[in-house]
1. Please report, in debye to the nearest 20, how large the charge dipole of region 1-143 is about its Cα centre when each Lys and Arg carries +1 at its beta carbon and each Asp and Glu carries -1 there.
2. Would you mind computing, in nm to one decimal, how far apart the modelled labels at residue 51 and residue 63 are, each placed 7 Å from Cα along Cα→Cβ?
3. Can you show me the helix-derived [θ] at 222 nm for the chain, built from DSSP H runs with n ≥ 4 at -39,500 (n - 2.57) apiece and divided by the number of residues, rounded to the nearest 500.
4. Would you calculate the separation in nanometres between label points at residue 89 and residue 169, each defined as 7 Å from the Cα along the Cα-to-beta-carbon direction?
5. Tell me, in nm to one decimal, what length is gained between residue 188 and residue 10 on full extension, where the rule is 0.36 nm per residue of separation less the Cα-Cα distance?
6. Would you give the gap between the C-alpha center of region 8-61 and the C-alpha center of region 111-125, rounded to a whole Å?
7. List the residues, sorted by chain then number, that are 5 or more residues from residue 6 or on another chain and whose placed amide H is less than 5 Å from its amide H.
8. Let me know the shape class of the chain, please: from the alpha-carbon gyration tensor, a ≥ b ≥ c as square roots of the eigenvalues, rounded when a/c is under 1.5, otherwise prolate if a/b is greater than b/c, or oblate.
Amino acid sequence: MEKKLVYIYLAYERFWHWSQAILIIILIFTGFEIHGSWQFLGFETAVKIHNSASTALLILIVFTIFWHFITGEWKQYIPGTKNLLAQIKYYLIGIFKNQPHPTKKKMRKKLNPLQSLVYLGLKVILFPMVVITGLLYLFYRFPSDGEIRSLKMDGLENVALLHTVGAFLIVAFLIVHLYLITTGETITSNLKAMITGYEELEKDEQDDNDECQNNY
């Protein structure tokens, strides 16, 4: 079927994607050094960079939540059951047999059902867990009225455990994400689309995309 180049990833969407990716990689690298997994920057430097990157990521998250709601892009993450099983089967078997993708990408639905489900889980469960445990860890002891006070917690063991589990889950997601990037029409087509914003879509979907673009 004939295809046409469509502007599908908006400027802020691409900025958010790459900024978040860079900050998460910095947080993973410095976080594991703080954890004692390796030594490269030094503990104190790693802590400072980790705290700065986490602050930047928190600011980015706040702005991105606002952007999602004012543009209506939050609707992209509403999962559906249609083609969900077919999508799972495609990633497990079909992709290795060059079978056609069961879900056609559109401007109003950029994510397939499985992606929507995974990204929703990241946004409402995993990222909040990592952010909240990170803040608890950071502010467990804090200065107030010339004194060092503590939150009403018995200790940081459970907080540290949840934060570390969240970090490993994010690492696992990144590995899978990097692999799936290569499963487009060509090895680099998905990567190129997130850099330029343009992606080739089937021509019969173009009218839907033109209508959606008028809303941005």
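A short reminder: the numbers here are calculations on the coordinates, not readings from a lab. What you see is a predicted model; the values in this text were computed from it and never measured. Note that we place each Cβ from the backbone using ideal geometry, even for glycine, and neighbour counts take in every protein chain shown.
1. On the way: 16 positive and 5 negative charges, 188 e Å.
Approximately 900 debye in magnitude.
2. Reported label-point gap for residue 51 and residue 63 is 2.3 nm.
3. On the way: 8 runs with 124 residues, N = 216.
Only helices count here, giving -19000 deg cm²/dmol.
4. 2.9 nm
5. Working: separation 178, 0.36 × 178 = 64.08 nm, distance 1.88 nm.
Between residue 188 and residue 10, full extension yields 62.2 nm more.
6. Using only Cα atoms, the two centres lie 21 Å from each other.
7. It is 199, 200, 201, by chain and number.
8. Numbers: a/c = 2.32, a/b = 1.97, b/c = 1.18.
Prolate, because a/c is 1.5 or more and a/b exceeds b/c.
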